[in-house]
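Only the coordinates and a few stated rules stand behind these numbers; no lab work does. What you are looking at is a predicted structure, and each value in this text was computed from that prediction instead of being measured. Quick reminder, even Gly has a Cβ in these numbers, built from the backbone with ideal geometry, and neighbours come from all protein chains shown.
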Amino acid sequence: MRKFALVSAASYGHKSPRVPGSHHGTAFATTFNGWDEEKAKLCQGTFVRSGRKLDSARVVKIWDPDKEAAQKLADACGIDTVTDTPEECSEGVDAVIIIDDGTGSHSKYAEHPLRKGVPVFCDKPLSMTARDARKIAEIARETKTPIMSASSLRFVPDIVKLRDELKDVGPVYLASAACGNGLVYYGVHALSMIYAVLGPGAVSAINVGQPGSNLVRLRFANHLDVMLFVAEKEWMRSGYQINLYGKAGWRSVKPDLKNLYSHLLEAFVTFLDTGEEVVPIEEEVELIAALEAGARSLELGREVSLEEVFE
C-alpha cells in the first residue's frame with residue numbers, strides 16, 4: 001500500500017484569514033483513511049466525509065500552518081504523524097498531495113518534493129498565473145519527477161461518458177461551460193470539463209463580460225470556439241454545466257458530483273502505478289494560461305493571446 005502525505009490540508013482561507021477546516025483536505029484524508037466520527041466532531045470548520053474509500057494508499061503524514069487543526073484531522077483520520085514543516089512532510093512517503101488551501105499559492109510547496117524526486121499531486125488551480133504554473137512544470141520535467149494537477153471535474157463519470165460519446169456528437173466546433181465564483185480560481189473547473197472532453201489547444205481569449213461576471217470566448221487552434229460563463233455569487237449561483245454543439249448532435253450535461261474526489265485520487269494512483277500521464281502538466285499550464293488570458297482581456301478590453309501571459 002502506498003504511503004501519502006497531505007500538505008496544507010487542515011485550514012483554509014480564500015480572500016480572508018485562514019481558519020480551521022478544509023473541504024479538500026478532509027475529503028482527501030477520509031477517502032484514503034476513513035474517519036472516526038466522534039473525533040471528527042472535534043474538528044472545527046468544514047469536515048467532508050468521503051462516500052467512497054480507496055484502499056490503494058494511506059495518508060501517513062500531514063502538515064498545515066495551523067498545527068492544532070492538523071492534529072485534530074490526524075486524530076480523526078488515523079494519520080500517524082503531524083510534521084512541523086512541509087519539507088519534513090515529504091520525507092519517507094511515496095507521494096505528496098498538496099491541497100488547495102484557498103491562497104492560490106499552494107504550489108510553492110511542490111518544489112521541495114519535486115527536487116527530492118517525490119511524486120506530487122498539486123490540487124487545483126496549479127497556480128493563479130501561467131508563469132508560476134510553468135515554473136512548477138519545468139522543475140518537474142527537469143527533475144524527471146512525476147507530477148499531476150487537475151480539477152476533479154475531469155474524472156467524474158458523467159464527463160468521462162460525455163468524452164466517450166463524442167463520436168456520436170461531433171465534430172464539435174462550438175461548446176460552452178459554466179461554473180460559479182472567480183474566473184481563474186474556480187473557472188478551472190469549467191474549462192477542465194472542456195479539456196477533458198475536447199482536448200487542449202487554446203490560443204486566445206476575449207472577455208466581453210464585466211467585473212465579477214465573465215463571458216469568455218476561447219479560440220482553439222482546431223477551429224473550436226468555447227464560451228465560458230463564470231460569475232461570482234452576486235451574479236449567479238454556483239454549479240457546473242457543459243454543452244456541446246456538434247454537427248451530428250448536441251449534448252448538455254450537469255455532472256453528478258457524488259464522490260468526485262475519489263475519482264480524481266484514483267486517477268492519481270493509476271498514474272503512479274502505470275507511469276502513464278493522465279493529464280500532462282503542460283496541459284494544465286495551458287489551461288491556467290487560458291483563464292489568465294480571459295481575466296487580462298477584461299482588464300485591457302481586447303483579445304489576449306496565451307503567449308502574452310507568459311511574457
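Against the conditions (1) within 20 Å of the chain's Cα centre (by Cα); (2) buried (at least 16 other Cβ atoms within 10 Å of the Cβ), GLN241 satisfies every one except (2). Which ones in segment 234-248 are touching a Gly at 6+ places or on another chain (Cβ under 9 Å), more than 8 Å from GLY180 (Cβ to Cβ) and either of a type in the set (Ser, Thr, Tyr) or in contact (Cβ under 8 Å) with a residue 40 or more places away in the chain (or both)? Within segment 234-248, TYR240, LEU244, GLY246, LYS247, ALA248 qualify. Here VAL278 meets each of (1) aliphatic (A, V, I, L, M); (2) touching a strand residue (DSSP E or B) at 6+ places or on another chain (Cβ under 8 Å); (3) more than 18 Å from LEU162 (Cβ to Cβ) with one exception, condition (3). Scanning segment 169-219 for residues that are surrounded by fewer than 19 Cβ atoms within 10 Å (Cβ to Cβ) and among the aromatic types (Phe, Trp, Tyr) yields TYR173, TYR185.
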